[in-house]
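Data first, discussion second: the structure below is written as structure tokens.
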Amino acid sequence: MGEVPLTLRQRALLEQDFDESVLPFKVDVVDWASTQHSFQEITKKSAKPL
């Protein structure tokens, strides 16, 4: 959860990597730095570091 927004290239590569992974579920990529403060506060309550 970074403070600097992802570039379009970074986001595209990240989404592509998840799409090509063998994970048995879909991963939604959300650019933390681009979300509203209220969303960040809600998310912090249940976030688990990877």
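Taking first residues from region 39-50 that are of a type in the set (Phe, Trp, Tyr) and partners that are surrounded by 10 or more Cβ atoms within 10 Å (Cβ to Cβ) and in a loop (DSSP other than H, G, I, E, B), the Cβ contacts under 9 Å between residues at least 6 apart in sequence or on separate chains come to PHE39/VAL30.
LEU13 falls short on exactly one of the conditions (1) at pLDDT 95 or above; (2) loosely packed, with under 10 Cβ neighbours inside 10 Å, and that condition is (2).
Take the conditions surrounded by 10 or more Cβ atoms within 10 Å (Cβ to Cβ) and either assigned to a loop (DSSP other than H, G, I, E, B) or among the hydrophobic types (A, V, I, L, M, F, W, C) (or both) and apply them to PHE18. Does it pass?
Yes: the conditions hold for PHE18.
Has region 22-44 got any residue that is in contact with a Pro (Cβ under 6 Å, 6 or more places away or on another chain) and in a loop (DSSP other than H, G, I, E, B)? Yes, region 22-44 contains at least one residue that is in contact with a Pro (Cβ under 6 Å, 6 or more places away or on another chain) and in a loop (DSSP other than H, G, I, E, B). Would you confirm, using the coordinates I've provided, whether PHE39 is of a type in the set (Phe, Trp, Tyr) and surrounded by 10 or more Cβ atoms within 10 Å (Cβ to Cβ)? Here the answer is yes, as PHE39 does meet what is asked.
The values are calculated or read from the model by the stated rules, or taken from the named source; none is laboratory data. Keep in mind that this is a model prediction, so the values were computed, not measured. Positions of Cβ are backbone-derived with ideal geometry, glycine not excepted, and every protein chain shown enters the neighbour counts.
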